[in-house]
Amino acid sequence: MTQDELKALVGQAALQYVTPGDIVGVGTGSTVNKFIDALASMKDRIPGAVSSSEASTARLKALGIPVFEANAVGELSVYIDGADEIDAQGYMVKGGGAALTREKIVAAQSRRFVCIADESKLVKVLGRFPLPVEVIPMATARVARQFAQMGGTAQVRLKDGIPLVTDNGQHILDVTGLQIGDPLAFESQVNQWPGVVTIGVFAHQKADVCLLGTADGVKTLTF
C-alpha cells in the first residue's frame, strides 16, 4: 500500500475510539485529514469537535461537523492526532504542520490520546525528524544559540521566503542534530527557556494508543 493508503487505513480505524454523543478532539496534518474525512460518516452521532488548527477547523466545517472552542467545553474523552515520530513508549515529536501549541492544549484537555501514523513514523530514539519549537520572534536567535550548545542546528521555518507565522502569531524553529534520549526531561528543560512557547516533544502529553498503518494492516500499540 502507498503511504496515502496507510494514512486512510488508520484514519478509518480511529473511528472505533470516538464515543457517540461525545465531542472529539481533532489534531492537524495529512493523516488527520483522512480521519476527518472518515469522521464525516458519523457526524450525526457526535455533537462536534474541538480542533487544533485553523486548517482542521475549515475541513471539519466543510464536512458539516460543528467545531467548538476549547474554552467552551470541558474534558474531552479522546484526542486523535498524527505524529512526525513516535517511539516505543508513546513519546512523540510533532509540529511538522506548525500546530504544536494548540495540539498540546487539546491533548491536555483529553483523557486519551490516540496517535494515528504510518509505520515510517516509528523510531527507536526521537530526533531523526527536525524538532519543531514554537518561539516568540524576538527570542529566535537566542533560543537557536541554546540549541547549538546542545549540538543542535536550529533554523527559522520559512514560507514563501519569509518566516512562517503560526495560528498564534509566532515563529517556528526546526532543530536538527539532536538525539532525545530522555524526552520527559528534555521537554521540561526546553519549556523553561524564555521565549519558547511550546516544544514539539510530546512526552508529558504522550500517546496512550498508536494505530500504526503497516503493509499487513493496522497494528495497535498501547503504552
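What to note about this one:
- Tallying residues that are of a type in the set (A, V, I, L, M) and either assigned to a loop (DSSP other than H, G, I, E, B) or under 16 Å from the mean Cα position of the chain (by Cα) (or both) within the range 95-154 yields 18.
- Counting the residues of the range 19-37 that are among the hydrophobic types (A, V, I, L, M, F, W, C) and either open to solvent by 10 Å² or more (accessible area, probe 1.4 Å) or touching a Ser or Thr at 6+ places or on another chain (Cβ under 6 Å) (or both) gives 2.
- Hits in the range 164-223 - residues which are on the phi > 0 side of the Ramachandran plot and in contact with a Gly (Cβ under 8 Å, 6 or more places away or on another chain): Gly177
- The range 38-63: number of residues that are open to solvent by 50 Å² or more (accessible area, probe 1.4 Å) and at positive phi: 0
- Just one residue in the set Gly95, Gly161, Gly90, Gly152 is small (Gly, Ala, Ser) and open to solvent by 50 Å² or more (accessible area, probe 1.4 Å); that residue is Gly161.
- Where a residue in the range 49-70 is without any contact (Cβ under 8 Å) to a residue 12 or more places away in the chain and under 19 Å from Ala107 (Cα atoms) and its partner, wherever it lies, is of a type in the set (Gly, Ala, Ser) and open to solvent by 10 Å² or more (accessible area, probe 1.4 Å), with Cβ under 7 Å and at least six apart: Thr57/Ser51
- Identity of the residue in the range 155-174, among the acidic types (Asp, Glu) and under 22 Å from the mean Cα position of the chain (by Cα), that ends up nearest to Gln192 (Cα to Cα): Asp174
The values are calculated or read from the model by the stated rules, or taken from the named source; none is laboratory data. Note that the structure is a prediction, hence the values are computed from the model and not measured. Here Cβ is always computed from backbone atoms with ideal geometry, including for glycine, and neighbour counts include all displayed protein chains. For the accessible areas, the whole protein counts, side chains as well, though only heavy atoms, and no ligand, DNA or RNA atoms are used. Shrake-Rupley method; radii C 1.70, N 1.55, O 1.52, S 1.80 Å.
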